[in-house]
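Here the structure is laid out as structure tokens; the discussion comes afterwards.
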Amino acid sequence: MREAANSRKNKDKIKPKEKNTFSVHAFLNSVGLTKRIVKYRRSQRIYSQGDPATNVLYIQQGGVKLSVVNPFGKEAVVAILGLGDFLGEGGISYQSVRISTATAIAPTTLIVIEKDEMVRALHTEHEFSDHFISYMLSRNIRTEEALIDQLFNSSEKRLARALLLLTQYGRRDEPLKWLPKVSQEMLAEMIGTTRTRVTFFMTKFRKLGFIGYEGGLHINPSLLSVILHE
């Protein structure tokens with residue numbers, strides 16, 4: 001009997017963990033959720049800073065740039081979002097107006113969920129609520145990391161990190177190999193430097209084999225070494 005008990009214990013130890021099979025994409029496309037699908041052209045504005053915050057959007061395809069403008073008219077890019085990201089989520093809490101401007105950086109398809117419907121889904125659909133909370137925590141961590149990056153790292157490291165984030169490095173089993181068309185002006189705004197500096201570092205990265213331009217901007221994961229190098 002002792003051997004049988006030990007055998008059961010060993011089986012329990014090696015029993016594989018069940019994977020979370022919840023698919024947010026499938027859930028958002030289900031008939032039980034009231035939503036609409038909207039498509040945007042590259043460079044088309046999705047919403048503007050100061051607009052009423054009445055819905056939450058989910059990126060089904062493409063990419064979105066979030067930017068803010070200060071009272072003196074200076075613009076800064078605060079985030080580049082891609083497949084599987086939410087935007088406009090502040091509207092379900094305390095934000096009555098948009099605090100940034102959202103612009104498509106590629107042909108983009110969004111699932112638009114009105115505020116009341118999003119709140120209902122979060123209260124009644126527990127798996128979706130768990131996913132959304134996990135997503136927002138991860139998003140907050142990335143925001144903190146970006147602030148630390150901006151304060152303490154060189155523009156070269158900030159550019160390397162921005163390029164890797166655009167590939168969704170660390171968020172997918174297979175990072176994107178080809179990036180949507182992102183201008184050097186946009187990269188300069190993202191990392192808080194000049195286009196001249198971005199051009200200099202992009203040339204350096206290309207010569208070192210970290211990036212390529214064959215058919216589009218290709219990012220080699222070895223670019224991570226720029227961030228890790230002291």
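Laid out as a table, the results:
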read-out: Residues within the stretch 123-157 that are open to solvent by less than 50 Å² (accessible area, probe 1.4 Å), over 27 Å from Ala76 (Cα atoms) and either without any contact (Cβ under 8 Å) to a residue 24 or more places away in the chain or polar (S, T, N, Q) (or both), tallied; value: 1
read-out: Residues satisfying the stated conditions in the stretch 217-230, i.e. surrounded by fewer than 14 Cβ atoms within 10 Å (Cβ to Cβ) and either touching a residue at least 12 places away in the same chain (Cβ under 8 Å) or under 14 Å from Leu163 (Cα atoms) (or both); value: Pro221, Ser222, Ser225
read-out: Any hit, the stretch 206-216, residues being open to solvent by less than 40 Å² (accessible area, probe 1.4 Å), of a type in the set (Gly, Ala, Ser), in a loop (DSSP other than H, G, I, E, B) and out of contact with any helix residue (DSSP H, G or I) (no Cβ under 8 Å at 6 or more places or on another chain); value: yes
read-out: Residue list for the stretch 40-91, restricted to those being in contact (Cβ under 8 Å) with a residue 24 or more places away in the chain, of a type in the set (D, E, K, R) and over 20 Å from Asp116 (Cβ atoms); value: Arg41, Arg42, Arg45, Lys65, Glu75, Asp85
read-out: Filter pass, Ala102 being of a type in the set (Gly, Ala, Ser) and touching a Gly at 6+ places or on another chain (Cβ under 6 Å); value: no
read-out: Residue in the stretch 92-104 that is surrounded by 17 or more Cβ atoms within 10 Å (Cβ to Cβ) and assigned to a helix (DSSP H, G or I) present; value: yes
read-out: Hits in the stretch 71-103 - residues which are small (Gly, Ala, Ser) and within 20 Å of Asn29 (Cβ to Cβ); value: Gly82, Gly84, Gly88
read-out: Single unsatisfied condition, Leu137 versus (1) in a strand (DSSP E or B); (2) at pLDDT 90 or above; (3) under 18 Å from Leu165 (Cα atoms); value: (1)
read-out: Residue within the stretch 45-55 that is open to solvent by 10 Å² or more (accessible area, probe 1.4 Å), at pLDDT 95 or above and of a type in the set (Asp, Glu) present; value: yes
read-out: Close pairs from the stretch 189-201: first within 17 Å of Leu151 (Cα to Cα), partner open to solvent by less than 70 Å² (accessible area, probe 1.4 Å) and assigned to a helix (DSSP H, G or I), Cβ under 7 Å, at least 6 apart; value: Met190/Ala162; Ile191/Ser155; Ile191/Arg158; Ile191/Leu159; Ile191/Ala162; Thr193/Ser155; Thr194/Ala188
read-out: Condition check for Thr124: touching a helix residue (DSSP H, G or I) at 6+ places or on another chain (Cβ under 6 Å) and on the phi < 0 side of the Ramachandran plot; value: no
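The values are calculated or read from the model by the stated rules, or taken from the named source; none is laboratory data. Quick caveat: nothing in here was measured; it's all calculated off a predicted structure. Ideal geometry is used to build each Cβ from the backbone, glycine not excepted, and the neighbour counts take in all protein chains shown. Areas reflect the complete protein model, heavy atoms only, side chains present, ligands, DNA and RNA absent. Shrake-Rupley method; radii C 1.70, N 1.55, O 1.52, S 1.80 Å.
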